[in-house]
Structures are given as structure tokens and as C-alpha cells.
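The values are calculated or read from the model by the stated rules, or taken from the named source; none is laboratory data. Treat the numbers as computed from the prediction; the structure is a model and nothing was measured. Because the Cβ atoms are built from the backbone with ideal geometry, glycine has one as well, and the counts that use them run over all protein chains shown.
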Amino acid sequence: MKIEKVKFDRLKMPLLSPFQTSFGTATVREFVLVSVYGEGHVGYAECVAMDAPVYNEETIDSALHVAEQFIIPKLLETELETPDDFSTLFSWIRRNNMAKSGIESAIWDLYAKQKGIPLSKALGGKKEEIEVGVSIGIEPTVEGLLKKVEGFLEEGYKKIKIKIKPGVDVERIRAVRERFGYDVPLMADANSAYTLADIETLKQLDQYKLIMIEQPLAHDDIVDHAKLQRELETPICLDESIHSLEDARKAIELGSCKIINIKIGRVGGLTQAKKIHDLCQEKGIPVWCGGMLESGIGRAHNIAIASLSNFTIPGDTSASKKYWAEDIIEPEVFLSKPGIVTVPKEPGIGYKLRQDVVDKYLLSSKVYSK
Ligand code: OSB
Ligand code: MG
């Protein structure tokens, strides 16, 4: 494969409702739409780095810098056999996984389009449908939270994830259990807001039979998580702590988690995501696909990777209309049945880009070619 041209479109899209986590509140999503060109086809992906380094160390600007200085010049003069070569070619670049992933995932889409096969098939996915859930931010009030949960349950979402932070945790989970019962597949995501000093609070969550608690402790920790897991009945799921196959291996070996959330951007692209998926499958660790408040383009990649067989837990890839007044893809991501998204059968990501919507939210563009 020869990459002839790369384009970055920086977009800023308003979220339909503010999304609060333990690291702040988002009302807009700024991101980079990546296009790669080769042999008459265009591959798309999204760089999911955020505007500030609050989730991981990257930012949109740091990702653009790394891509422009260290990835694109080499990429434009290299012939890739398959998209897997990308990750080998740039393995010398430490971290900056979202910078890598934005380009790598677009190359995967291009590859699948050149072959005329769906991206899901190119990755080895067999599922024709995936189960999806929702991630609900920290709502200003308990009643507000319960209203949101009710709406999403009516739409049939298969997993309800609620963001928590110290002081806004046990009462929220209790309220959801009291109102909707114990059959609701419920989990909490702490985004690293606790330490082992909070162990009594975290233990209280055990009584609510959560399917998991996601990343309760530090973003760079796997040691304290192992200690905590020994004290909790609720499975721990790691998100922020897993950047690579090696991180996954070590966390599993240490007993730091029983479940892993795979985000394509966080681990440096689809090749690495697939490797982590395969390792987890071998070790009996179920995985699910996390979200980064993606536009439809990032969402499409999440759907493709979630078609692999060890993605046995519903992911955060909810319908476009949960986030956006209008999405940049056609059709939008929607529930084909309650809580179900159908994996596209068309070549590549299987969604068309809506240039009219891109133009509406466009901040700037940059093109690179030899
Ligand atoms: O921790 O999973 C997370 C959004 C931004 C950064 C981190 C996370 C999230 C979400 C939202 O939980 C998932 C989504 O709906 O895209
Ligand atoms: Mg998370």
C-alpha cells in the first residue's frame, strides 16, 4: 500500500448535553478527522485526543505535532504490505498512541476499501451485530440521573455505565438500583478518582452487584488495583492504565483487573487493539469497546473492532443521536433493534462521510503529500 496523501480536518462539534467526568465537564468535542488517500480510495478515522491532557497525556495539538514531525514524512515514502506494518514502522515512537491511532485506523479503512471488504472482516470480526450500552456523565441531580437511565433503558441499551467520583458515588448507584432493580446491567466508571484510602467506599459498592467498576485508582497504576481487586467482589475493569499489549499482560498477571476496556486510540490503533483482544481471549479476560465521545467516524471503527468474538460485554458505542444534533456520517449510528447496532457489510467502515456537516463544524484543514 502506498499512502499518497494525508489530510487533517480539525472539527469542533457541540455535544447535545454536557458530559461530566471526574476530570471535568465537556460541552463541545474538538477532534481531528483523518483522511488517507491511495489508489483512488480514501480511508477515514478520527484522532480521539482531547483538547487538554486530562484523560491521558496527549492533546489535539500534541497529536498533530507528532503526526506532522515524525509520522507523516516517513509514511509518505514507505510502501506498507498491510496496515499491521504501520505499528512496527512507528514502534520507536514512545506512547503518543492517539496520534498513531488516528492515522493507522484510517489506513485500515483504506486497506479494507481497496480489498472491497468490510473493515470488521479485515480485522477478523465475525459478529453481524454488536450489543451496546451508554455512558452517563455525573448528572447535577439524582433525579436527573434517574431520568436519563429510564430513557436509555426504554431504548433497550444493554449496559448502563455511570460516572462516579468521591462524594457522588454510593448514593447514585443505590438510587439506580432502588428505582430500576438488580436486573439492570449496571457499572460505574471512576476515571481514576480514588485511592486505596477510599477502600471502604469502594467496598460499599459491592452490595449493588455492579458488573464491574472501571478504573477506580490512578491512571498509571496496576499495583494498587491488584490490591483492591483482592478486597472487592466486584470485578475491576481497567481503562486508563492499559496502553499496550505488555500493559495488558502485566495487569492480567498481577490480578489488577478481571475485564479490560479496549479503546483503539488509547492503545495506538487497530493492530494493537486486536492483539490485546487476542491475549485477553487466551487468558479468559472479557473485553468491551470503550468510547471517547467520538463522531460517527470514530464510532464506525469501534463497531468494526467490537465485532471480534471476545468483545462479549456491551460497549460504549451508543447511537449518534445520544451525542450529536447531526453526525458527520451517513447513515448515522442507530439501534437496529433495542440495544443492538448492526455491523455494516459495505467495504471499509461502511459509512459515508457527510462533507456538508464536516464543513459546518470545520476549524482548519491541512494536507500533506510528497
Ligand atoms: O473513561 O470511558 C471513559 C469519555 C471521554 C473520556 C473517557 C471516557 C469517556 C466516556 C464516554 O466514558 C464514552 C462515550 O460515550 O463515548
Ligand atoms: Mg473509562
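So for segment 333-345 (the condition being buried (at least 20 other Cβ atoms within 10 Å of the Cβ), within 12 Å of the chain's Cα centre (by Cα) and within 13 Å of ligand 1 (Cβ to nearest atom)), does at least one residue qualify?
no
Please go through segment 142-167 and pick out each residue that is within 15 Å of ligand 1 (Cβ to nearest atom) and either in a loop (DSSP other than H, G, I, E, B) or more than 13 Å from Lys322 (Cα to Cα) (or both).
Leu145, Glu155, Tyr157, Lys158, Lys159, Ile160, Lys161, Ile162, Lys163, Ile164, Lys165
Residue by residue through segment 1-25, note down the ones that are at pLDDT 95 or above and under 16 Å from the mean Cα position of the chain (by Cα).
The answer is Phe19, and nothing else.
Filter segment 42-55 down to residues that are surrounded by fewer than 17 Cβ atoms within 10 Å (Cβ to Cβ) and either in a strand (DSSP E or B) or basic (Lys, Arg) (or both), then give me how many there are. Before you say what the answer is, go through the steps one by one.
Within segment 42-55, the first condition is being surrounded by fewer than 17 Cβ atoms within 10 Å (Cβ to Cβ), and the residues that meet it are 42, 51-54.
Now drop any that are not either in a strand (DSSP E or B) or basic (Lys, Arg) (or both), which leaves 42.
Here the count works out to 1.
Got at least one residue in segment 153-171 being assigned by TED's automatic domain parsing to the domain that holds Leu217, surrounded by fewer than 21 Cβ atoms within 10 Å (Cβ to Cβ) and in contact with a Leu (Cβ under 6 Å, 6 or more places away or on another chain)?
If we filter segment 153-171 for residues that are assigned by TED's automatic domain parsing to the domain that holds Leu217, which is where we start, we get 153-171.
Those left that are additionally surrounded by fewer than 21 Cβ atoms within 10 Å (Cβ to Cβ): 153-156, 158, 165-168, 170-171.
Then keep just the ones that are in contact with a Leu (Cβ under 6 Å, 6 or more places away or on another chain); that gives none.
No, the conditions are met nowhere in segment 153-171.
Suppose the filter is more than 16 Å from ligand 2 (Cβ to nearest atom), over 12 Å from the mean Cα position of the chain (by Cα), at pLDDT 95 or above and in the same structural domain as Tyr55 (by TED's automatic domain parsing); does Ser364 pass it? Step through it out loud before you land on a result.
Values: more than 16 Å from ligand 2 (Cβ to nearest atom): yes; over 12 Å from the mean Cα position of the chain (by Cα): yes; at pLDDT 95 or above: yes; in the same structural domain as Tyr55 (by TED's automatic domain parsing): yes.
Yes: the conditions hold for Ser364.
Is it true that some residue in segment 197-219 is surrounded by fewer than 19 Cβ atoms within 10 Å (Cβ to Cβ) and within 21 Å of the chain's Cα centre (by Cα)?
Checked segment 197-219: at least one residue is surrounded by fewer than 19 Cβ atoms within 10 Å (Cβ to Cβ) and within 21 Å of the chain's Cα centre (by Cα).
Could you figure out which of (1) without any contact (Cβ under 8 Å) to a residue 24 or more places away in the chain; (2) within 16 Å of ligand 2 (Cβ to nearest atom) isn't true of Asp85?
(2)
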